[in-house]
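Notes follow the structure.
The values are calculated or read from the model by the stated rules, or taken from the named source; none is laboratory data. All values reported here derive from a predicted model rather than from experimental measurement. Glycine also receives a Cβ, built like all others from the backbone with ideal geometry; neighbour counts cover every protein chain displayed.
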Amino acid sequence: MTSRMFPFITRTINPVGGECLHRCRYCWAQGPKGLTKRMTSKFYYGPPRLRIDSDLEAMFPLSKGDFVFVEDMSDLFGDWVPTEMIQKVLEKCGRHPETRFLFLTKNPKRYRGFLPLLYKINGILGVTLETNRSTWPYSQAPQPFERWQSFFDIEYTPKFVALEPIMDFDSHTFSEMLFNITNLESVAVGYDNYYNHLPEPPLAKTFSLIEQLEKNRITVFRKTLREAWNHNIKS
């Protein structure tokens, strides 16, 4: 499956199914307006499940030069995903050194338990940070500052941050958090595409953050950039 989520990705694979317990209201995959609500397959309902061996094998081997996003429909590193499932997926990825893999989570503390396997993979470790503020009640995932604390000093190269869907933030605090992430090479920035009326920053504020990131030699992938949905009704 080809992904449009990030421009450098050539394929996505989703070896683990079941419901994502982060329950983000704005999730393009499992939110109230998400893709899974229109699918006939029940693979993304109920408890976590690993694809049967034949289906899992069909995802591998991958083509030389592929850049694969692992588990874009859920969170492979969610607390509810059994350790043995994660191990099996990472072991499969580690057998393909000519393929690059992107891992993205809202629960980066779980990376630490799999670092010996992750070090064997030609990968990028990613975390989603929509803001430095609370994401409640829009998400039940760990709060952004908690994610950052678990992620910023992991010794892994390279790292990636998804600021998507971006929510309003405290400029100095948020930029300092990002600049203090070791081995951070790239960031993707984008506004919500699904009319969820999130607390969004003014576009000028987002562009200012992008400018700071690029001045610090961090590659920025611009996604949906538009004015905040309520900018015309602010007093």
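Given TYR119, TYR191, which one is among the hydroxyl-bearing types (Ser, Thr, Tyr) and either touching a helix residue (DSSP H, G or I) at 6+ places or on another chain (Cβ under 8 Å) or more than 21 Å from GLY78 (Cα to Cα) (or both)? Steps first, answer last, please.
Details: TYR119 fails: either touching a helix residue (DSSP H, G or I) at 6+ places or on another chain (Cβ under 8 Å) or more than 21 Å from GLY78 (Cα to Cα) (or both).
Answer to the selection: TYR191.
Return the residues of segment 164-209 that are closer than 24 Å to PHE8 by Cβ, assigned to a helix (DSSP H, G or I) and either in contact with a His (Cβ under 6 Å, 6 or more places away or on another chain) or β-branched (Val, Ile, Thr) (or both); say none if nothing qualifies.
THR206 - this is the single residue of segment 164-209 that is closer than 24 Å to PHE8 by Cβ, assigned to a helix (DSSP H, G or I) and either in contact with a His (Cβ under 6 Å, 6 or more places away or on another chain) or β-branched (Val, Ile, Thr) (or both).
Can you find a residue that is under 18 Å from TRP28 (Cα atoms), touching a residue at least 60 places away in the same chain (Cβ under 8 Å) and touching a Ser or Thr at 6+ places or on another chain (Cβ under 9 Å) anywhere in segment 132-148?
For segment 132-148, residues under 18 Å from TRP28 (Cα atoms), touching a residue at least 60 places away in the same chain (Cβ under 8 Å) and touching a Ser or Thr at 6+ places or on another chain (Cβ under 9 Å): present.
When you go through LEU62, LEU76, LEU104 one by one, which is the residue that is of a type outside the set (Val, Ile, Thr), under 28 Å from LYS223 (Cβ atoms), touching a His at 6+ places or on another chain (Cβ under 8 Å) and surrounded by 15 or more Cβ atoms within 10 Å (Cβ to Cβ)? Let's see the steps before the verdict.
Working: LEU76 fails: touching a His at 6+ places or on another chain (Cβ under 8 Å); LEU104 fails: touching a His at 6+ places or on another chain (Cβ under 8 Å).
None of the other options fit; the residue is LEU62.
Within segment 141-171, can you find the residues that are surrounded by fewer than 20 Cβ atoms within 10 Å (Cβ to Cβ) and in contact with a strand residue (DSSP E or B) (Cβ under 6 Å, 6 or more places away or on another chain)?
TYR156, PRO158 - these are the residues of segment 141-171 that are surrounded by fewer than 20 Cβ atoms within 10 Å (Cβ to Cβ) and in contact with a strand residue (DSSP E or B) (Cβ under 6 Å, 6 or more places away or on another chain).
Here is a list of conditions, (1) surrounded by 14 or more Cβ atoms within 10 Å (Cβ to Cβ); (2) closer than 25 Å to LEU35 by Cβ; (3) touching a Leu at 6+ places or on another chain (Cβ under 9 Å), and ILE218 meets all of them except one; can you say which number that is?
Of the numbered conditions (1) surrounded by 14 or more Cβ atoms within 10 Å (Cβ to Cβ); (2) closer than 25 Å to LEU35 by Cβ; (3) touching a Leu at 6+ places or on another chain (Cβ under 9 Å), the odd one out for ILE218 is (2).
For residues that are under 19 Å from VAL187 (Cα atoms), without any contact (Cβ under 8 Å) to a residue 60 or more places away in the chain and of a type in the set (A, V, I, L, M), tally how many sit in segment 88-120.
1
Tell me which of these SER3 doesn't satisfy, since it passes every other one: (1) of a type outside the set (D, E, K, R); (2) at pLDDT below 85; (3) surrounded by fewer than 13 Cβ atoms within 10 Å (Cβ to Cβ); (4) within 21 Å of PHE221 (Cα to Cα).
For SER3, the failing item is (3).
Where the second residue is surrounded by fewer than 15 Cβ atoms within 10 Å (Cβ to Cβ) and the first is among the aliphatic types (A, V, I, L, M) and lies in segment 194-207, which pairs have Cβ atoms under 7 Å and are six or more apart or on separate chains?
Matching pairs, first to second residue: LEU203/LEU225; LEU203/ARG226; LEU203/GLU227.
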